[in-house]
Amino acid sequence: MNIYALIPLIAVIVYIPLLISTINSRPWHARHKLFILFLIAAMSWSLTDIFLRSNLFPQYNNPLLELILITYTWTAVQFHVFVSSFYAPGEGRWLPLAYASLIVVSVLVLLGYVAEGVTIEGDKLYLNYGRGVIFLALPLLILAARTT
């Protein structure tokens, strides 16, 4: 395991008590469920990042990179869904755009337009996201602008 896997590992460790305390709190409201879904997405993203950056399974580096991009987008979408649950009832939440961006990014990643590969030199990993990363960033930047 290298130093780059440390931050996602700390994130997973921090998310565990949040997840446990949220699951144990009763009664559940809609926001509790949305927060749990966000934590699950964030933990999935961090765990995938740990597996890639620790280079435990070098034969799966490319699929792990693709999975990181998909789980990152899923985390961003779930964060938007959770945060937008606090909006006033009259404000639009842009949920169709959020979930459509998740679908579009997943399709682009699976078709190979994003995440061109991983290069290993010694014990260092170099992730090549490719030019298609702009298609990943654009809808998420729009959601981030809407969330603020």
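Just tell me, in residue order, which DSSP H segments of the chain are both 30 angstrom or longer along the helix axis (alpha-carbon based) and at least -0.5 in mean Kyte-Doolittle hydropathy.
30-53, 61-84
Could you look at region 10-148 and say what percent of its accessible area is carbon and sulfur, using a 1.4 Å probe and all protein chains?
Looking at region 10-148 in its full context, I get 70 percent from C and S.
Order of 31-39, 83-91, 68-76, 137-145 by packing, highest average Cβ count within 10 Å first?
Top of the packing list down: 68-76, 31-39, 137-145, 83-91.
Near the amide H of G117, under 5 Å away, which other amide H atoms are found, from residues 5 or more places off or on another chain, if H is placed in the peptide plane?
N128
How many nm is it between the label spots at E91 and L138, if each spot is 7 Å from the Cα in line with the beta carbon?
With each label placed 7 Å out from Cα toward Cβ, I get 2.6 nm.
To one decimal place, what orientation-averaged projected area in nm² is obtained for the convex hull of the Cα set of region 28-148?
8.2
Provide the FRET efficiency to the nearest 0.05 for the D123-T22 pair, computing r from the beta carbons and using R0 = 41 Å.
In this case the efficiency is close to 0.65.
The values are calculated or read from the model by the stated rules, or taken from the named source; none is laboratory data. Keep in mind the model is a prediction, meaning the values are calculated, not measured. Positions of Cβ are generated from backbone atoms using ideal geometry, with glycine treated the same way; all protein chains shown enter the neighbour counts. Side chains included, ligands, DNA and RNA excluded: accessible areas come from the protein's heavy atoms. Shrake-Rupley method; radii C 1.70, N 1.55, O 1.52, S 1.80 Å.
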